[in-house]
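Participant: This is the structure I want to talk about, given as structure tokens.
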Amino acid sequence: MSRAQAESVIKNIIREIGQECGGKGQAVSETLVAFMVKAVVLDPRNQFNVDRTLTKSDVQKLIKLCVDRLLDPKSLSLDTIKMQVYFDMNYTSRGEFLDEHRRVLESRLAPVSREITDSRARTREELESLYRKTVSFLLLRSGLGSPTDINTVREATAALQSVFPQSELSTFLSLNKRDKERQLNELTMIVTGIRLFNKDCGKGGDSIDDLPAILNEAVPATCKHIESELQDSQQLAYRYTALIEKLDSKDTLGTDHQVHPHLLKKALYNVRQHEAFLQIIVSDVITCAQQVEKLQKELGARMEQLKSTVKAKTAVPIAQVFPHFIALSNYWSGFQDEMVLLSVLSNIVTHLRTFQGNLSELLPQRDIEPLLEGEDVRTDEERMKGTAGERINPLEYKKQDWLFPETTVNFDRLPLQYRGICGYTLVEKDGLLLTGNPAIGILKHKEKYYIFSSKVTACAFAANPDEYIALVAEKAKQCAELIQLLELHHQFASASHYSEAKAGDMLMVKPITKSDSSTQTDTHIVEPNIVKSYEWNEWELRRKAIKLANLRTKVTRSMQTNLSHMRRDNISQVYLPKEAGSQTKKHGASNVPKPHIYLTGLRGQMSKTAHIVQTNLSRAVDES
């Protein structure tokens, strides 16, 4: 049979089982039916051979077994499996929760956003209608009040008009769709920041819930409620464990009991699984509390910065205040995310409790209390203290790796097999779950890590680990809820589902038992004091002295040629001449006549000899 044909047959079986259960008044999900089919096939007591093709009688037998198990109202095993399926279908990581919430919010607001971005408003009435739709979108996107509240709409409209007046709608409509969506998101954050700032200043914001105050009350209350349920499940687990040990002891064999050990183990699996899920949720709630505290500090600091920026100014540059408004909006969105996350976690806790309804009916306190009289009900911590002095000697197991707290850096983060349950006790005590003590030592076998409840169980398991690993897998085939509880998805590829991804993430952690280290010694501990100008050669000193002496009589000269005058800049600096002047009390002057001499006969004579007459026409000196 090909893979496609096999998948078609399985789908038909699942659909037929679901229809038959629905016909008998019990609605079941396909995920639950699929897991039950795999659980029934894996159980060796049902004698299904997975290596051969199922016959028609095998299919009918499989359907009947699955329907009987799914319709059993008193089955603690079915309750545990339902709990596991519900948790896998509804719980995910913190980041995926918030991403899914934002995706749902975006899908719900998509029609409103599309109506705004696709608008082709032209007339005044159409523009006013588009502006009102924009205000409604901002309110829905921010979650700060209802768009049907008149006061809330007025506050949002006033905040929007301060940054985006209606006259700018024409510019908005000219943008492409992507730019319109981006501007809508920016306007949402800015308007949200303005309203939050006004609320802090006492200027409106009556419709805005005080999320920090609500979270300060809700987070501790939720954490306290979950821890209370966690303690109840742990107490039930301790009581069931003590009772199973008593009924399995030698001195009680052969006596009749109103409580069957098999039923007690099924109840123990149920409460241990509930405990494991609650511990995961408590960790998320603690993270939520830390995030709320961080957001409150950042919101308060940002609000003070904004107040100091604005003060009593009537106008502030947008480059100074818009980043503050956007940051306030982001912080408030963080508070809203924590509210959503806290609500989801609370709902999961409430639903998980419904899968323990049969415990009080099948194992009432009136039947449990008489059997526990005189018994020491020990907690997991008390059991660890009882084995505190026990420790594996690694020298006795040279072929195996044993990890200890003092030799392993990330010892407390190792992905322990069987969720920290002792595998040897699970096999030898017919399914009893005992938490291991890491102080005894953690066995590393084939890149997996095993923990044990005592030194004796550790030694016995280490003597033949492969055999006990196989026996644990066989036990899980008989009790399908152990596959999820003990995180055995890597051994049952056909039974892995949504939680396999989370288990795979845990396997990424590796123990750090060795590390590279290096040391370095300083060459010169004392800081060196070397004089670079020191010379030991007398002649070298003489040469330097002569050179300095010659420099006293030298002058630096420079010149330019036709080829070099454009290649370098020559700059010279001189002192400007000093201005000097003198003044006397009396001005004196003297003047002499200008001499005037006239010569005649220089031109016009025909004779070879010239006759020149000189006449002195100068005035006398004493002539006035």
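Participant: Going through Glu304, Glu275, Glu293, Glu375 one at a time, which residue ends up being of a type outside the set (A, V, I, L, M) and open to solvent by less than 60 Å² (accessible area, probe 1.4 Å)?
Facilitator: Values: Glu304 fails: open to solvent by less than 60 Å² (accessible area, probe 1.4 Å); Glu293 fails: open to solvent by less than 60 Å² (accessible area, probe 1.4 Å); Glu375 fails: open to solvent by less than 60 Å² (accessible area, probe 1.4 Å).
Residue meeting the stated conditions: Glu275.
Participant: Name the single residue, out of those in the range 140-152 being of a type in the set (A, V, I, L, M, F, W, C) and out of contact with any Leu (no Cβ under 7 Å at 6 or more places or on another chain), that is farthest from Met339 (Cα to Cα).
Facilitator: Here is the first cut: in the range 140-152, the ones of a type in the set (A, V, I, L, M, F, W, C) are 140, 144, 150.
So of that shortlist, the ones also out of contact with any Leu (no Cβ under 7 Å at 6 or more places or on another chain) come out as 144, 150.
Values: Leu144: 14, Ile150: 26 Å.
Of everything passing the filter in the range 140-152, Ile150 is farthest from Met339 (Cα to Cα).
Participant: Go through the range 82-110 and give me each residue that's under 17 Å from Asn347 (Cβ atoms), open to solvent by 30 Å² or more (accessible area, probe 1.4 Å) and aliphatic (A, V, I, L, M).
Facilitator: Met89, Val104
Participant: While we're looking at this one, here's another question. Got a number for residues in the range 334-370 being open to solvent by less than 30 Å² (accessible area, probe 1.4 Å), touching a Lys or Arg at 6+ places or on another chain (Cβ under 7 Å) and in a helix (DSSP H, G or I)?
Facilitator: Filtering the range 334-370 down to residues open to solvent by less than 30 Å² (accessible area, probe 1.4 Å) leaves 334-335, 337-338, 341-342, 345, 348-349, 352, 356, 358-359, 363-364, 368.
In the following step, the residues that additionally are touching a Lys or Arg at 6+ places or on another chain (Cβ under 7 Å) were identified as 341, 358, 368.
Still in the list and also in a helix (DSSP H, G or I): 341, 368.
Looking only at that region, the number is 2.
Participant: Which of the residues belonging to the range 66-81 are open to solvent by less than 50 Å² (accessible area, probe 1.4 Å) and not in a loop (DSSP other than H, G, I, E, B)?
Facilitator: Here is the first cut: in the range 66-81, the residues open to solvent by less than 50 Å² (accessible area, probe 1.4 Å) are 66-67, 70, 75-81.
Scanning the range 66-81 gives Cys66, Val67, Leu70, Leu76, Ser77, Leu78, Asp79, Thr80, Ile81.
Participant: Which numbered condition trips up Val427, out of (1) open to solvent by 10 Å² or more (accessible area, probe 1.4 Å); (2) in contact with an Asp or Glu (Cβ under 8 Å, 6 or more places away or on another chain); (3) among the β-branched types (Val, Ile, Thr)?
Facilitator: For Val427, the exception is condition (2).
Participant: Which of the numbered conditions does Glu467 fail, given that it passes all the others? Conditions: (1) touching a residue at least 12 places away in the same chain (Cβ under 8 Å); (2) outside any strand (DSSP E or B); (3) more than 28 Å from Leu263 (Cβ to Cβ); (4) not polar (S, T, N, Q).
Facilitator: (1)
Participant: Please enumerate the residues belonging to the range 438-467 that are on the phi > 0 side of the Ramachandran plot and touching a helix residue (DSSP H, G or I) at 6+ places or on another chain (Cβ under 9 Å). Step through it out loud before you land on a result.
Facilitator: Within the range 438-467, the first condition is being on the phi > 0 side of the Ramachandran plot, and the residues that meet it are 441, 446-447.
Within the range 438-467, Gly441, Lys446 qualify.
Participant: Of all residues in the range 46-59, count the ones that are without any contact (Cβ under 8 Å) to a residue 40 or more places away in the chain and surrounded by 13 or more Cβ atoms within 10 Å (Cβ to Cβ).
Facilitator: 3
Participant: Quick check on Thr134: is it modelled with pLDDT of 90 or more, open to solvent by less than 40 Å² (accessible area, probe 1.4 Å) and closer than 18 Å to Asp209 by Cβ? Give the steps one after another, and end with the answer.
Facilitator: On the way: modelled with pLDDT of 90 or more: yes; open to solvent by less than 40 Å² (accessible area, probe 1.4 Å): yes; closer than 18 Å to Asp209 by Cβ: no.
The answer is no for Thr134.
Participant: Here's a follow-up. Regarding the range 381-397, can at least one residue be identified that is open to solvent by 90 Å² or more (accessible area, probe 1.4 Å) and over 20 Å from Pro438 (Cβ atoms)?
Facilitator: no
Participant: Now for a separate question. Restricting attention to the range 382-430, and to residues there that are within 32 Å of the chain's Cα centre (by Cα) and among the acidic types (Asp, Glu), which single residue is modelled with the highest pLDDT?
Facilitator: Restricting attention to the range 382-430, the residues satisfying the condition of being within 32 Å of the chain's Cα centre (by Cα) are 403-421.
Subsequent filtering for residues that are among the acidic types (Asp, Glu) retains 406, 412.
Details: Glu406: 87, Asp412: 84.
In this case the residue turns out to be Glu406.
Participant: To continue, here is another question. For the range 30-47, what are the residues that are closer than 18 Å to Ser77 by Cβ and either among the aromatic types (Phe, Trp, Tyr) or part of a loop (DSSP other than H, G, I, E, B) (or both)? Spell out how you get there, then give the answer.
Facilitator: Taking the range 30-47 first, the residues closer than 18 Å to Ser77 by Cβ are 31-46.
Phe35, Asp43 - these are the residues of the range 30-47 that are closer than 18 Å to Ser77 by Cβ and either among the aromatic types (Phe, Trp, Tyr) or part of a loop (DSSP other than H, G, I, E, B) (or both).
The values are calculated or read from the model by the stated rules, or taken from the named source; none is laboratory data. Every value quoted in this text rests on a predicted model; they were computed, and no experiment measured them. Don't worry about glycine lacking a Cβ; one is built from the backbone with ideal geometry, like all the others, and counts go over all protein chains shown. Each accessible area value is taken on the protein alone, full model and side chains, heavy atoms only, with ligands, DNA and RNA left out. Shrake-Rupley method; radii C 1.70, N 1.55, O 1.52, S 1.80 Å.
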